[in-house]
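First up is the structure itself, then whatever we jot down about it.
Quick note: the coordinates plus some simple rules give every number you see, no bench work behind them. Just so it is clear, the structure is predicted and the values come from calculations on it, not from any experiment. Note that we place each Cβ from the backbone using ideal geometry, even for glycine, and neighbour counts take in every protein chain shown.
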Amino acid sequence: EMVLMVYDCEGLGLKHLWKPAVDAYGELLSMFEENYPESLKRLFIVKGEFGPGIFPLAYNLIKHFLSEDTRKKVVVLGSNWKEVLQKYIDPEQIPVEYGGTLMDPNGDPKCPSKINYGGDVPQHYYVRDQLAQQYEHTVVVNRGSSHQVEYEILFPGCVLRWQFRSEGADVGFGVYLKTKIGERQR
């Protein structure tokens, strides 16, 4: 049995390009490919802001997780996406919202009983403020100022990880190697 998927990119934005989320999505795609090879018939991408929008960037981040065969099955549809879907899927199986004739038992044209729509995670599920991580540290850097953090690397092969966020301002960021004699290398 093969799967035909429709991925709705409406609302896709920069907030979805958070590295841990991209990594998790990539792992999910890899797991799907490894455990269910050849089960994907076609993946249609609809309602994306194509061209200079966010979708091309997002796709470039995850496509390396996909095999060449899978990449050939990804079809990015333009403004006529509803008509194209009807060529591959019986209109009785497509919700009215997507150009078909399927309605939920309660008359909802989006068919939420059959489709799990995404959206923002409700605040009460957030645990960030509940978790105190020993390596976390908060710094307020005023406009035009800078802040430096130095870490001593004790042995070859160490991995240095960081994550930072800004509350609405542009931030310049750099990592430099400082040699034993005090020289800085970018």
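Assorted remarks:
- Which of Glu150, Glu27 has the fewest Cβ neighbours within 10 Å, and the rest in rising order: Glu150, Glu27
- Most mobile listed residue (Gly157, Gly11, Gly119) in the chain, GNM with C-alpha springs under 10 Å: Gly157
- Between Val139 and Tyr59, the FRET efficiency from the beta-carbon distance, with R0 = 35 Å, is close to 0.55.
- Computed from backbone phi, the HN-Hα couplings of the stretch 65-80 come to 7, 9, 6, 4, 4, 5, 4, 5, 8, 7, 10, 8, 9, x, 5, 8 Hz, rounded to whole numbers (Karplus: 6.51 cos²θ - 1.76 cosθ + 1.60, θ = phi - 60°; Gly and Pro given as x).
- In this structure the amide hydrogen of Lys178, modeled in the peptide plane, comes within under 5 Å of the amide hydrogens of Gln185, none closer than 5 places in sequence on its chain.
- Contour excess over end-to-end distance, with Cα ends at Trp18 and Lys82 and 0.36 nm allotted per residue: 20.0 nm
- The Kirkwood radius of the stretch 1-70, taken over pairs of alpha-carbon atoms, gives through the Stokes-Einstein law at 10 °C and 1.306 mPa s a diffusion coefficient of 122 µm² s⁻¹.
- Members of Lys41/Lys72; Lys19/Lys110; Lys47/Lys110; Lys15/Lys82; Lys47/Lys72 lying beyond 22 Å, as alpha-carbon distances in this model show: Lys19/Lys110; Lys15/Lys82
- What separates the Cα centres of the stretch 65-95 and the stretch 1-46 is a distance of 13 Å.
- Correct choice for semi-axes √(5λ) of the Cα gyration tensor in Å that was computed from the model, options [x] 28, 17, 15; [y] 43, 21, 17; [z] 25, 19, 17: [y]
- Residue order for Ile115, Ile181, fewest other beta carbons within 10 angstrom first, comes to Ile181, Ile115.
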